[in-house]
Amino acid sequence: MSLDALARSATDEARRQMEICNACRYCEGFCSVFPAMTRHRSFTDADMTHLANLCHNCRGCYYSCQFTEPHEFNLNVPAALGEVRQLSWERLAWPGAFSRLFHENGVALAAALAVGLAVMFAALQALRPESGEGFYAYLSHGAMIAIFTPAFFLPLAAVGVALRRYWREVEGQRVTLGQIVEATRSAGTMRNLDGGQGQGCNFEKGDRYSNARRVFHQLTLYGFLMCFAATSVATVMHYVFAWEAPYGFFTPPKLFGVPGGIILCVGTAGLAWLKTKADPKLGIARVWGGEMAFVALLFFVSATGLALYAVTGTAAVPALLAIHLGAVLAFFLVIPYSKMTHGFFRFAALVREAQLSRR
Amino acid sequence: MTEAYDIAVVGGGNAALCAAVTAAETGAKVVILESAPEFYRGGNSRHTRNFRCMHRGPLSVLVDSYEEEEYFEDLLLVTKGETDEEMARLTIRMSEECLPWMERQGVRFQPSLSGTLSLSRTNAFFLGGGKALVNAYYNRCEDLGVDVFYDAEVKHVNIEDGHFTHVDVSMKGGEPTRIAAKAVVLASGGFQGDLDWLTRAWGPSAANFLIRGTPYNRGVVLKDMLDQGAESVGDPTQCHAVAIDGRSPKFDGGIVTRLDCVPFSIVVNQNGDRFYDEGEDVWPKRYAIWGRLVAAQPDQVGYSIIDSKSAELFMPSVFPPIVADTIEGLGQQLGISGDKLARTVAEFNAACREGRFHPTEKDGLATDGLTPPKTNWARPIDTPPYYGYSLRPGVTFTYLGLKVSPTAQVHTAEGPLDNVWAAGEIMAGSILGQGYLAGFGMTIGTVFGRIAGREAAAYVS
Ligand SMILES: Cc1cc2nc3c(=O)[nH]c(=O)nc-3n(C[C@H](O)[C@H](O)[C@H](O)COP(=O)(O)OP(=O)(O)OC[C@H]3O[C@@H](n4cnc5c(N)ncnc54)[C@H](O)[C@@H]3O)c2cc1C
Ligand code: SF4
Ligand code: SF4
């Protein structure tokens, strides 16, 4: 089936389920999806895309539902919305040719990693500078910039295109600062994974609530942001203050990067562990492997980054540098076509919900 | 199954769970025998959304206050006095301490659902509904070391010389085995799941009724106890029935199958004739009589007809309505005579008068010279597309139950049995002899489940 046909049938199934929920509404207090649902009597495809991207797969509405299988209504809202959401990311990705490449396929993701590594090893071989300090002794600053600037901005541009398509599909309006603030607050606390009352979600412990996923997800998010901040701040230091690497421990890049890397490692390891305990049929079973590979890649990026810092000044540096930079390169390249896109779409959905719920 | 239990709890719904938790908290060794498989555990309780709770000031999600007198008045109104005042007031008074107790067990509440603002003062809604409540109690039971058997149908409660000794239980449909305990709590609901019994009690038309809740409440234990001389309460022929979507499943359709369109519609039977004032009162006050009204029509079916003006005035339905551009066409699609339906609608339209229409309160917009009249919300049905829903009686529960004392002890003609208690729907007839008060079923189950658990635990210790 084509992607569009798949999306149509997934949307029809999710719509059938939402219509049952709309006559029930018992789950209203869990998340933003149900209050958003009650604004409608019938659901357009765009409404379904919006609801699906609002759903954070907390699974509260599955374990609370009196109509799940084997009941003939056969509800599984987390999976039904999950499929619509997943297909929306794949459908709207740009360019379309890559759209499904890394979502389902852990092997493809591993291949991306291999390519990243190969590129970096080759670069280190070929572009070894005459002189330079720290990492720049192995790969000049200029070469790094030449590789990573496009590797970072091209994927971001692709994400931008996908988001534009998304925004058009859900009929989004002009964004205000207030809406951004509201969405940031919601994402910053993972409000939609807190079960509505802070008791958490139903991810890994069946019908018991737990905050483990929320905690590990936020460690991953904040760890990632700290690593990102480390890189950004280093860039600013380099260009604005002409303060060049290597940096000692008590400098902003390291103060962000080292704890950030540790937190990111803990968060991703935790997420992977939880994933092994959760019931795959309440998620999107076909992307289980791809998601796991993506979490593993993030872990690998942060772990090799930390390792690289740990081996400073030893003979292990060149090899580890190639490995770490290769992983980072692979990570950048798969951003628009892997689980990483969820962050962008989710945020857009939260902004859109801020627009709609205000009215 | 040789383990010695202090207390056997028969049933796995709200009342059973409240009894089991209360008893297990004292250290008693408790076993729950639930006839449903694990997925369908929790009886009708899994379909509920709230319980009615007295409170003298704001309490958790409940606003303002709802005091004993008002609560009791509300009960008197719906039961037309068919209630035991002592038991009723006990239930009402104890409901107040139930809410914090429930929260301690892990039950969570949420503000009243959208579309139910009128209940925000009187009824505390469960976050995620009754299934979430049931899950919380089962988890609590697990933590307290209560043994739970699913697919475990109690066939017989053995009473010797006024004293309970053991139950005979069929596990997974096998031959009954014996489980002994020092005391027993009966919380196995009513008998509406047994269609043969329902037909004997109500009449042959009951074969066409839909059962809104669990198929596992078949009254096996109720009948067994009555056969052994337990005293009964409640009208054995009556059940609480509402009009629900005619396309609903035979069992377990739950809350979503209700239809709130009646006051804005005309309702006809299979012959295309109207038979009752659809606009007698606001829907929450009338929805319970429509089960009976439809049950009295040929083949126990009715058809509610609206036009596009009214299509969005009520909660969405679980199945989409039948839609047609003409009344004739709608009739044909519903399987009744289109010409006849068109005549009935034309007659109705001709009897409508000008006036102010107000969907959320009685607006006095009545028909003129029509029998039966429609006394509120009577607007002509003249704006296509037209919408139709079929209606069938949906049974919520039966009234026949065991007579108990205020300490939940089961009575025989010779007095109370010393180690048999009952809670929930199986004894609710003492308090709710007629009619229904939204959220009161769970209140009775929680209050008497806790009493039964407490008394049984005191007895075995
Ligand atoms: C659709 C629907 C919605 C409702 N909504 C509300 C509401 O919002 N608020 C409210 O207060 N009330 C509501 N009610 C009524 C409410 O469900 C009942 O009053 C309440 O659940 C009764 O609790 P219970 O524990 O006595 O019975 P149940 O919850 O029905 O439990 C009976 C249990 O006994 C088991 N059982 C039966 N026979 C045997 C046997 N022989 N051996 C072993 N186990 C057996 C059953 O499997 C079941 O688990 C609703 C009812 C329905 C049908
Ligand atoms: S998931 Fe089930 S319980 Fe929750 S609102 Fe939907 S139908 Fe109701
Ligand atoms: S899975 Fe959680 S977030 Fe998604 S719709 Fe259900 S309750 Fe809401």
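Averaged over peptide B:310-317, the number of partner chain Cβ atoms lying within 10 Å of each residue's Cβ comes to 3. Residue-normalised convex hull volume from the C-alpha trace of segment B:73-186: 189 Å³ per residue. Legend: translational diffusion of segment A:112-227 by Stokes-Einstein, Rh = Kirkwood radius over C-alpha pairs, 25 °C, 0.890 mPa s; D = 132 µm²/s. Using the alpha-carbon positions of segment B:348-461, Rg (one decimal) and Dmax (whole number) come out as 24.1, 73 Å. Under the simplified labelling scheme, the A:PHE153-B:SER114 pair shows an inter-label distance of 4.4 nm, with each label point 7 Å from Cα along Cα→Cβ. On the basis of the beta-carbon distance and an R0 of 25 Å, B:THR326 and B:ARG247 show a calculated FRET efficiency of 0.70. Panel note: the C-alpha atoms of segment B:53-128, placed on their principal axes, show extents of 33, 28, 22 Å (largest first). Per residue, the Cα convex hull of segment B:242-394 amounts to 96 Å³. The calculated FRET efficiency for the pair B:GLU347 and A:THR44, based on their C-beta separation and a Förster distance of 56 Å, comes to about 0.90.
Taking Cα atoms only, the orientation of helix A:141-169 departs from the longest principal axis of chain A by about 10 degrees.
Treating r as the C-beta distance of A:VAL181 and B:GLU25 and R0 as 56 Å, the FRET efficiency rounds to 0.75. Over every Cα atom in chain A, the radius of gyration and the widest Cα-Cα span, Dmax, amount to 21.7, 72 Å. Excluding same-chain neighbours fewer than eight residues apart, the lysines reachable from B:LYS172 by a Cα-Cα span under 28 Å are A:LYS205, A:LYS281, B:LYS29, B:LYS131, B:LYS155, B:LYS182, B:LYS223, B:LYS250. Label-to-label distance, A:LEU255 versus B:VAL63, with points set 7 angstrom from Cα along the beta-carbon direction: 4.9 nm. What base-10 log of the normalised intensity I(q)/I(0) is obtained for segment A:216-273 from the Debye formula, alpha carbons as equal point scatterers, at q = 0.12, 0.21, 0.22, 0.30 Å⁻¹? Reported log10 I(q)/I(0), two decimals: -0.30, -0.70, -0.74, -1.06. Derived from the Cα gyration tensor, the three semi-axes of the equivalent ellipsoid of segment A:183-323 are 34, 19, 11 Å, largest first.
Between the alpha-carbon centres of segment B:355-416 and segment B:176-232 there is a gap of 25 Å.
Seen from all directions on average, segment B:175-284 presents a Cα convex hull projection of 10.2 nm². Would you please state the base-10 log of I(q)/I(0) at q = 0.07, 0.08, 0.12 1/Å for chain B, with intensities from the Debye formula using one equal scatterer on every alpha carbon? The Cα Debye sum returns log10 ratios of -0.38, -0.49, -0.99. Pairwise inverse Cα distances across the protein assembly as shown, averaged and inverted, put the Kirkwood hydrodynamic radius at 30.0 Å. In the P(r) worked out for segment A:3-90, what percent of Cα pairs fall beyond 22 Å? So the portion of pairs separated by more than 22 Å is 16 percent.
The calculated P(r) of segment B:6-135, using every Cα pair and 10 Å bins from 0, goes 12, 36, 37, 15, 1 in percent. Taking the Cα centre of each part, how many Å lie between segment B:88-114 and segment B:1-53? About 18 Å separates the Cα centre of segment B:88-114 from the one of segment B:1-53. Can you tally the net charge around B:ARG392? Count Lys and Arg as +1, Asp and Glu as -1, for every other residue whose Cβ sits under 14 Å from the Cβ of B:ARG392. Every neighbour counted, the sum reads +3.
Every number here is computed from the coordinates shown, using simple stated rules; none is lab data. It should be emphasised that the depicted structure is a prediction, and the values quoted were computed from it without experimental measurement. Methodologically, a virtual Cβ is constructed for each residue, glycine included, from the backbone with ideal geometry; neighbour enumeration extends over all protein chains shown.
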